[in-house]
Amino acid sequence: TIQPNQFTLLGTALFRRRKRSSNFSVRCCGSQTATTHEAKQTSQRVAPKNHGSNKLDEILRDYEAVIGIETHVQLSTFTKAFCNCPNNYGSHPNTSICPVCMGLPGALPVLNSKVVEFGARLGLALNCDLSLKSKFDRKQYFYPDLPKGYQISQFDIPIASGGYVDVDIPLEFGGGHRRFGITRVHMEEDAGKLLHSDTGDYSQVDLNRAGVPLLEIVSEPDMRSGIEAAEYASEMQRIVRYLGVSNGNMQEGSLRCDVNISIRPIGQAEFGTKVEIKNLNAFSAMSRAIDYEITRQALLYNQGQADQIVTETRLWEEGAQKSVTMRKKEGLADYRYFPEPDLPEVILTQEYVDSIRASLPELPEAKRRRYEAMGLGMQDVLFLANDVSVAEFFDAVIAKGAEVKLAANWIMSDIAAYLKNEELSINDVKLTPQELAELIAAIKAGTISGKIGKQILFELLAKGGTVQGLIKAKDLVQAINGEVF
């Protein structure tokens with residue numbers, strides 16, 4: 001037997017690149033479907049407020065953008081999808097590999113059951129129908145960091161399909177409630193990673209990421225602006241974090257979005273030629289990249305050069321604030337899918353699905369609606385529900401009897417400012433929900449002033465303790481006339 005953790009690649013795999021082939025594909029999956037979910041939307045559709053240039057505003061009067069997103073979520077499992085190698089981010093290159101994830105002859109994959117569980121959890125959270133019987137397929141393509149020459153994925157029978165997600169657009173972007181369709185959620189494995197030299201003469205291959213489990217979420221082409229697309233992607237990040245299936249960190253590649261964009265004259269039913277944009281590592285960059293691509297395509301239409309819009313993959317250059325051609329995009333036929341012969345079907349029982357459904361936490365959309373019902377404004381609702389840890393802290397504070405609006409104000413103002421300045425999360429501070437509720441009660445009862453309350457708050461955040469203990473230790477009880485003695 002081979003101990004996976006002890007198997008290392010001697011030396012570093014290198015390959016030379018031809019000067020005229022400096023770009024390489026990583027992944028391209030999914031496509032815009034023939035119909036949108038607009039007819040199914042019962043929620044109010046509010047035209048997003050565009051914060052771009054006047055040129056873009058003028059162009060959008062004549063054209064409608066059609067946007068779909070493929071989101072790749074790297075799962076937080078202990079081991080990889082089909083072997084026992086540890087799923088560790090940031091390990092030294094080629095130290096978390098074995099014959100299976102290296103694609104060596106004779107090595108056979110064994111499915112990690114946690115991948116199935118996470119796929120079912122995410123599918124249910126996105127209101128999808130789960131396939132009680134699904135299968136894996138081989139997606140054939142060559143890439144230097146794909147050692148097998150194919151990727152184990154799901155093609156015609158994904159684990160989940162036909163769902164939707166509800167999104168609240170922030171007030172500064174026009175507000176409103178939108179529903180975006182989910183075409184499918186499928187399980188697959190990641191490829192490795194290329195480390196390019198500073199000179200560009202060669203690249204090194206790190207296979208630590210090869211075989212890391214992914215869930216790919218393919219949306220319906222229901223989005224119409226960069227803002228809508230960015231808010232959809234933000235909601236995906238919130239959902240996977242609430243579920244605990246991924247940390248959703250874009251800077252680590254745990255959540256990666258490929259955006260498909262096309263435009264069409266307003267009133268036209270047929271889709272235009274779609275273009276995919278990769279290399280989007282921030283939601284703000286996604287919004288800017290989409291608006292740039294809409295403008296680029298619309299200008300070509302206006303100049304009678306619509307035939308120059310071709311199906312391709314483009315990269316977003318953040319420094320230049322523009323997209324550039326990476327390669328012509330493959331079609332589904334180019335991948336030559338066929339069923340994975342080394343893996344059995346994935347069969348779920350209804351009892352298993354019911355147990356997964358019962359274990360789901362309160363999701364961001366449900367939490368936002370609950371906070372609204374408490375009387376909080378949309379700005380408060382979006383802030384509190386954005387981070388699952390903040391939401392749990394807020395819920396714990398009001399469970400201790402604190403007034404809802406006062407608790408929200410303290411968390412959104414002084415506590416949020418402290419966390420930002422100290423670069424901490426709310427889980428890192430010494431303040432407990434019980435003591436914040438005590439502080440709010442003491443101020444409301446007139447025992448201490450709001451000014452003294454802030455002093456106590458920062459003491460609690462940094463050092464911990466109790467409100468009553470600090471009041472007595474520092475002799476901070478407020479007199480009847482409002483003066484402190």
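The values are calculated or read from the model by the stated rules, or taken from the named source; none is laboratory data. This one's a predicted model, so the numbers in the text were calculated from it and none came from an experiment. Note that we place each Cβ from the backbone using ideal geometry, even for glycine, and neighbour counts take in every protein chain shown. SASA here: full protein model, heavy atoms, side chains in, ligands and nucleic acids out. Shrake-Rupley method; radii C 1.70, N 1.55, O 1.52, S 1.80 Å.
The table for this structure:
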quantity	calculated
Top-ranked residue in segment 319-340 [being open to solvent by 80 Å² or more (accessible area, probe 1.4 Å) and part of a loop (DSSP other than H, G, I, E, B); ranked as modelled with the lowest pLDDT]	GLY319
Unmet requirement for ILE217, which otherwise passes all of (1) in a loop (DSSP other than H, G, I, E, B); (2) within 24 Å of ALA191 (Cβ to Cβ)	(1)
Index of the failed condition, ILE263 passing every other in (1) over 18 Å from LEU124 (Cα atoms); (2) open to solvent by less than 10 Å² (accessible area, probe 1.4 Å); (3) at pLDDT 95 or above	(3)
Residue in segment 258-274 that is touching a helix residue (DSSP H, G or I) at 6+ places or on another chain (Cβ under 8 Å) and more than 21 Å from GLU220 (Cα to Cα) present	no
Selection count, segment 101-111, where residues are at pLDDT 95 or above and either open to solvent by 50 Å² or more (accessible area, probe 1.4 Å) or among the acidic types (Asp, Glu) (or both)	3
Number of the condition not met by GLY162 [criteria: (1) in contact (Cβ under 8 Å) with a residue 12 or more places away in the chain; (2) open to solvent by 10 Å² or more (accessible area, probe 1.4 Å); (3) part of a loop (DSSP other than H, G, I, E, B)]	(3)
Residue list for segment 58-100, restricted to those being in a loop (DSSP other than H, G, I, E, B) and touching a helix residue (DSSP H, G or I) at 6+ places or on another chain (Cβ under 7 Å)	LEU75, THR77, LYS80, ALA81, PHE82, CYS83, ASN84, CYS85, TYR89, CYS98
Hits in segment 264-302 - residues which are free of Cβ contacts under 8 Å to residues at least 12 places away in the same chain and part of a helix (DSSP H, G or I)	LEU300
Output for segment 248-263, where each listed residue is without any contact (Cβ under 8 Å) to a residue 40 or more places away in the chain and polar (S, T, N, Q)	ASN249, GLN251
Segment 402-416 - residue that is open to solvent by less than 20 Å² (accessible area, probe 1.4 Å) and assigned to a helix (DSSP H, G or I) and, of those, farthest from LEU457 (Cα to Cα)	ALA408
Test for ALA399: is it open to solvent by 30 Å² or more (accessible area, probe 1.4 Å) and either modelled with pLDDT of 95 or more or in contact with a Pro (Cβ under 6 Å, 6 or more places away or on another chain) (or both)	yes
Lone qualifier among GLU312, GLU351 - being at pLDDT 95 or above and either within 27 Å of VAL245 (Cβ to Cβ) or not aliphatic (A, V, I, L, M) (or both)	GLU351
Residue match in segment 360-382 (condition: touching a helix residue (DSSP H, G or I) at 6+ places or on another chain (Cβ under 8 Å), part of a helix (DSSP H, G or I), among the small types (Gly, Ala, Ser) and open to solvent by less than 60 Å² (accessible area, probe 1.4 Å))	no
Candidate set from segment 112-136 (those that are touching a Ser or Thr at 6+ places or on another chain (Cβ under 9 Å), over 12 Å from VAL346 (Cβ atoms) and not in a helix (DSSP H, G or I)); member that is most open to solvent (accessible area, probe 1.4 Å)	ASP129
Index of the failed condition, SER284 passing every other in (1) among the polar types (S, T, N, Q); (2) surrounded by fewer than 20 Cβ atoms within 10 Å (Cβ to Cβ); (3) touching a helix residue (DSSP H, G or I) at 6+ places or on another chain (Cβ under 6 Å); (4) under 27 Å from ARG238 (Cβ atoms)	(3)
Set ALA408, ALA442, ALA437: member being over 28 Å from LEU382 (Cβ atoms) and among the small types (Gly, Ala, Ser)	ALA442
